[in-house]
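Reviewing the structure listed below.
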Amino acid sequence: MEDQSQIYSRFVESHRAAEPQQSEPAYVPPPVGQKRLVLSATSKGGVGKSYLTINLAEWLDSINVPFVAFDPDWCNSSLTRFYDKAEFLDIGDSVNLDNVIRALDRTDLILVDGVGSMQNRFLDWLEETRVFDLREQLSLDITLVLIIEEDKETVFQAGQAVKRIGSRADWLVVRNMKTSPVTEIYDNSNARRELLEVGAREITIERLPWNLSSLSQKTSQSIGRLASDESVFFLERQRMRSHQQKIFEEFQKARSILLPGSVLAATSPEPKKEELPVAAVRTRVPPQDV
């Protein structure tokens, strides 16, 4: 004879087995266009637009995402100097900017480097040709990149850009820490509030140590190339790898507005990182307890 506890256990097990099993939900790609255009909306020169684009190009290469990169800066041409696959784009005549849209026949992702004080020509062109209105027809998403430093100029330009374009584009704010360890002006600004209201994503790029920056400039090689150049002291190569890996991790956080929908739809979400067990976490041991 079964006792009461055995009967109860059998009752619970029978009902548990009858419950429908919940499976993992199928991955549904975000509702985005098949193609994407990524370009800067910051006009101030020397804030790191080319540095960002070079590293973005090398990140895309590292994850095997095809793209076309344009360099519109005929004075410095930093992108073509450090990334020789980039194509020159003469923006002296605004009609040449149409080549950016034509390139969508070749690829689903276009990167356009910055060109200092003439950067507003791109926003003028986007509005003049009504590209924003054609996004659905072109199946095109546009990401505007804002480089922020601890100064009022970049923050002011960010505010002006978001007022002008609003939610017609995706926004990526890049805190460039090369001149200051903080971005208090931006953090406390109306520009940031307005950007967050339209869903802006924010990432941080740490300052490249001066010795590595000097080496890059002297050799005209990007961080990625120096990291694999065996003529460079191996510890310097390691520092280059570590620095660029941090940049890549920041890009990964914003992948949903840096990659085209065709790529996002073909890849699953990043797996969740396993948390370390409590015992594996390093803690400081007080000297008296040693």
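Some observations on this one:
- All positions within segment 179-215 that are surrounded by fewer than 17 Cβ atoms within 10 Å (Cβ to Cβ), β-branched (V, I, T) and touching a helix residue (DSSP H, G or I) at 6+ places or on another chain (Cβ under 9 Å): V198, T204
- Odd one out for D113, checked against (1) more than 12 Å from A41 (Cβ to Cβ); (2) open to solvent by 10 Å² or more (accessible area, probe 1.4 Å); (3) in contact (Cβ under 8 Å) with a residue 60 or more places away in the chain; (4) not small (G, A, S): (2)
- Leading residue by the ranking (nearest to Q34 (Cα to Cα)) among those in segment 76-92 that are out of contact with any strand residue (DSSP E or B) (no Cβ under 7 Å at 6 or more places or on another chain) and either touching a residue at least 40 places away in the same chain (Cβ under 8 Å) or surrounded by 13 or more Cβ atoms within 10 Å (Cβ to Cβ) (or both): I91
- Segment 135-159, residues that are charged (D, E, K, R) and farther than 30 Å from D108 by Cβ: E149, E150, D151, K152, E153
Residue-wise test of (1) buried (at least 18 other Cβ atoms within 10 Å of the Cβ); (2) at pLDDT 95 or above; (3) small (G, A, S).
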| residue | (1), (2), (3) |
| --- | --- |
| S40 | yes, no, yes |
| S43 | yes, no, yes |
| K49 | yes, no, no |
| V68 | yes, yes, no |
| S94 | no, no, yes |
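- Annotation: F132 fulfils all but one of (1) of a type in the set (F, W, Y); (2) open to solvent by 10 Å² or more (accessible area, probe 1.4 Å); (3) under 29 Å from R241 (Cα atoms); the unmet one is (3).
The values are calculated or read from the model by the stated rules, or taken from the named source; none is laboratory data. Computed from a predicted model, the values in this text were never measured in an experiment. Glycine gets a Cβ as well: all are built from the backbone with ideal geometry, and neighbour counts include every protein chain shown. Protein only, heavy atoms only, side chains kept; ligands, DNA and RNA dropped before computing areas. Shrake-Rupley method; radii C 1.70, N 1.55, O 1.52, S 1.80 Å.
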